[in-house]
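Report on the structure given below.
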Amino acid sequence: MNALYIGRKGEKLDITDIVVSAEWSGDKMQCARELVLELVYSRFFGYAKVMEKMEPGEVCVLLGEDGEELFQGYIISIDTSIAGTTRQVRCLDGLFYLTNSEIAKTFKKKTAEEITKEICAELGVPLGDMASSGGKKYTFAAIGKGAYEAIMMGWTKALEDTGRRFIPRMIAGKLHILEKGKTVAARVLSSDTDILDASFTLSIENMVNRVRVVSDKGKLQDTLGNTDDQKKYGVLQKIYQKGSGEKSGEAQKKAKELLEEIERTASIGALIGGADCHDLITGNAVEVKEPVTGLVGKFYIDSDTHAWSGGNYMVTIGELRFENMMDEHEAEEK
C-alpha cells in the first residue's frame with residue numbers, strides 16, 4: 001500500500017512513510033467510498049511543514065501493492081490533538097459532491113445517461129463510462145432533491161424497465177455507472193486458504209410470500225405468491241390496492257415487487273488480504289466456498305473494509321447477499 005498527497009496547486013508528495021494505518025471502505029447505502037489515514041505528526045519530523053499545510057478540499061490517493069490506483073478522493077476532515085503524535089485524515093471520493101449538493105431541475109424525456117450527464121455538468125463532476133439504461137426516456141421533477149438522489153431516480157427507472165441493477169463508482173476521479181454484480185472478484189474465498197472468520201444467516205423476518213391485489217374499493221382482483229414457501233413457512237401476506245384507473249398489468253407488476261423470499265445474508269469478519277483482493281468491493285460479486293457456515297455460491301458485496309496496519313492487510317466484508325440489491329430512489333413522473 002502506498003499513499004500520495006496532492007496539494008491545491010497540484011504538488012504531489014509520497015506520504016507512505018508516515019502512514020501508521022489506512023482504512024478504505026464502501027457501503028451500498030453510503031454512496032461515496034471513504035479513506036481514513038492515520039499519519040505520524042511531529043513538529044520535529046521532516047514532513048511537518050507539509051502536514052501543517054494539508055487542508056480540506058485537497059486530494060489523497062491510495063495505491064495498491066502493484067501500483068494500481070484504488071482510491072482518489074478529497075480531504076473532508078483533519079483531526080489533530082496537542083498531545084497526540086498522529087493526525088487522522090478522512091477522505092471521500094467525488095460522490096461526496098453529489099450526495100451533498102441539491103438541484104432544481106425538471107427532466108423531460110431524458111434517458112438515465114442524459115440525466116446523469118446534465119447533473120454532473122452542473123456540479124463539475126467528471127464523467128466516465130456508463131452502462132446502458134436501455135434507451136427509454138423519462139420525465140420527472142427533481143426540485144430541491146439531492147444530486148445523487150436525482151441521478152439514482154433515473155437509474156431506478158432503468159432498473160424497472162430492464163431488470164438490471166446499477167451502482168455509481170468513482171474511478172480515477174471520474175464518475176462511472178456500472179451494472180451492479182456484473183464484475184466477479186478474481187479471488188475465490190475459502191476457509192481452507194484465507195477466511196479466518198465468517199457468519200451466515202437465514203431469516204424469514206421480512207418474507208412476503210403472498211400478495212393480494214384489490215380494487216380501489218377493496219374488492220379482491222388477483223392473488224400472487226409462492227405456494228411452496230407458504231406451505232413451508234406459513235402465509236406472510238401483503239395487500240396491494242390499485243389506484244383509480246390503474247391498469248391491471250401495472251398493478252400486477254407492482255404487486256410482484258412486494259414479494260420477498262427468505263433472506264440469506266452473510267459476512268466475512270476476517271480475510272487475509274493481498275493484491276488480488278482489491279476488487280472485493282461494494283458493487284462486485286464474489287464466489288465463496290465455505291461449507292462450515294453454508295457460504296457456498298455467488299454472493300453480492302454490499303459493504304467492505306480494507307485495512308492496512310503494522311505490515312498486515314486485512315479485509316472485512318460486512319454484508320454479502322444472495323440477491324443483487326440496488327440503492328433505489330423512486331421518482332414521480334409528471
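For Val20 and Ser199, what does the FRET efficiency come to when R0 = 35 Å and r is the distance between their Cβ atoms, rounded to the nearest 0.05?
Approximately 0.75, to the nearest 0.05.
Scan around His329 for amide H atoms under 5 Å from its own, H built in the peptide plane at 1.01 Å from N, and keep only partners 5 or more places away or cross-chain.
Counting only residues 5 or more places away or on other chains, the set is Thr156.
Highest GNM mean-square fluctuation, the chain, Cα pairs closer than 10 Å: which of Asp192, Asp279, Asp27?
Judging by the Gaussian network model, the answer is Asp192.
Would you compute, from DSSP H runs of 4+ residues alone, the mean residue ellipticity of the chain at 222 nm, taking -39500 (n - 2.57) per run and dividing by the full residue count, rounded to the nearest 500?
That comes out to -4500 deg cm²/dmol.
Which residue fluctuates the most in the chain, going by a Gaussian network model with Cα springs under 10 Å, if the choices are Leu220, Leu98, Leu236?
Taking springs between Cα atoms under 10 Å, the residue moving most is Leu220.
Under 5 Å between amide H atoms, partner at least 5 residues away or on a different chain: which partners does Tyr138 have, H built in plane at 1.01 Å?
Those qualifying (amide H under 5 Å, at least 5 residues apart or on another chain) are Lys109, Lys110, Thr111.
Distance check, please: which entries in Lys117/Lys157; Lys137/Lys238; Lys105/Lys238 exceed 26 angstrom between their Cα atoms?
Lys137/Lys238; Lys105/Lys238
In a Gaussian network model over the chain where Cα atoms closer than 10 Å are linked, find which of Glu118, Glu246, Glu58 has the largest mean-square fluctuation.
Glu246
So for the pair Lys247, Thr99, with labels modelled 7 Å out along Cα→Cβ, what separation do we get in nm?
3.8 nm
In nm, what is the difference between 0.36 nm times the number of residues separating Thr227 and Glu65 and their Cα-Cα distance?
My answer for the length gained is 53.2 nm.
Cross-link candidates for Lys182: which lysines have Cα within less than 16 Å, leaving aside residues fewer than 8 places away along the same chain?
Within the straight-line cut-off, Lys182 pairs with Lys28, Lys298.
How big is segment 22-165 in terms of Cα radius of gyration and Dmax, in angstroms?
Rg and Dmax of segment 22-165, Cα atoms, are 19.2, 61 Å.
Laboratory data are not the source of any read-out in this text; all were calculated from the coordinates shown. The model shown is predicted, which means the values in this text are computed figures rather than measured ones. All Cβ positions, glycine included, derive from the backbone under ideal geometry; neighbour counts span all protein chains shown.
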